[in-house]
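The values are calculated or read from the model by the stated rules, or taken from the named source; none is laboratory data. This structure is a prediction, so every number in the text was calculated from the model and none was measured. Cβ coordinates were reconstructed from backbone atoms using ideal geometry, including for glycine residues, and neighbour counts include every protein chain displayed. Heavy atoms of the whole protein, side chains included, go into the accessibility calculation; ligands, DNA and RNA do not. Shrake-Rupley method; radii C 1.70, N 1.55, O 1.52, S 1.80 Å.
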Amino acid sequence: MCLSTVYKNSRTEENVVLRNVMRIDCKDGCVILTDLMERTVAIEGTLESANLVDGYVVVKETKEN
């Protein structure tokens, strides 16, 4: 099983959104994350990169102007 840590905008500790993510869905401009405990977090943005070997994902947050 591949679990990942998801970061918002850049891969730094202060940008961790959710750990042990087992599912990622993209719908209507949101990235929806689900972890092992079935907790979900939705981020308005797009999937920027995913490295499943190293276990991390970066989501680019949409910024309102």
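Where residues in segment 12-45 are over 11 Å from the mean Cα position of the chain (by Cα) and not hydrophobic (A, V, I, L, M, F, W, C), which of them is farthest from residue 60 (Cα to Cα)?
Initially, segment 12-45 is screened for residues over 11 Å from the mean Cα position of the chain (by Cα), giving 12-14, 27-29, 36-39.
Going one step further and asking which of them are not hydrophobic (A, V, I, L, M, F, W, C), we end up with 12-14, 27-29, 38-39.
Details: 12: 13, 13: 16, 14: 15, 27: 14, 28: 15, 29: 11, 38: 23, 39: 20 Å.
Per the criteria, the residue is 38.
Contact list please: Cβ distance under 9 Å, first residue in segment 14-25 and on the phi > 0 side of the Ramachandran plot and open to solvent by 40 Å² or more (accessible area, probe 1.4 Å), second residue in a strand (DSSP E or B) and modelled with pLDDT of 95 or more, pairs at least six apart or on different chains.
What qualifies is 20/4; 20/5; 20/35.
Scan segment 28-53 residue by residue and report those that are of a type in the set (A, V, I, L, M, F, W, C) and free of Cβ contacts under 8 Å to residues at least 24 places away in the same chain. Reasoning before the result, please.
Residues of segment 28-53 of a type in the set (A, V, I, L, M, F, W, C): 30-33, 36-37, 41-43, 47, 50, 52-53.
Matches in segment 28-53: 30, 32, 37, 42, 47, 53.
Given the options 13, 38, 64, 48, name the one that is among the acidic types (Asp, Glu) and modelled with pLDDT under 95.
64
Filtering segment 46-60 down to residues that are of a type outside the set (S, T, N, Q) and more than 10 Å from the chain's Cα centre (by Cα), which residue is most open to solvent (accessible area, probe 1.4 Å)? It would help to see each step written out before you state the result.
At the first step, the residues of segment 46-60 found to be of a type outside the set (S, T, N, Q) are 47-48, 50, 52-60.
Among the residues that remain, those that are also more than 10 Å from the chain's Cα centre (by Cα) are: 52-55.
Values: 52: 104, 53: 136, 54: 100, 55: 15 Å².
Applying the filter and picking the extreme gives 53.
Only residues that are among the polar types (S, T, N, Q) and either under 16 Å from residue 39 (Cβ atoms) or surrounded by fewer than 12 Cβ atoms within 10 Å (Cβ to Cβ) (or both): list them for segment 1-13, please.
Of everything in segment 1-13, those that are among the polar types (S, T, N, Q) and either under 16 Å from residue 39 (Cβ atoms) or surrounded by fewer than 12 Cβ atoms within 10 Å (Cβ to Cβ) (or both) turn out to be 4, 5, 10, 12.
Within segment 35-53, track down each residue that is closer than 18 Å to residue 9 by Cα and β-branched (Val, Ile, Thr).
So the first thing to find is which residues in segment 35-53 are closer than 18 Å to residue 9 by Cα, and the list is 41-52.
Within segment 35-53, 41, 43, 46 qualify.
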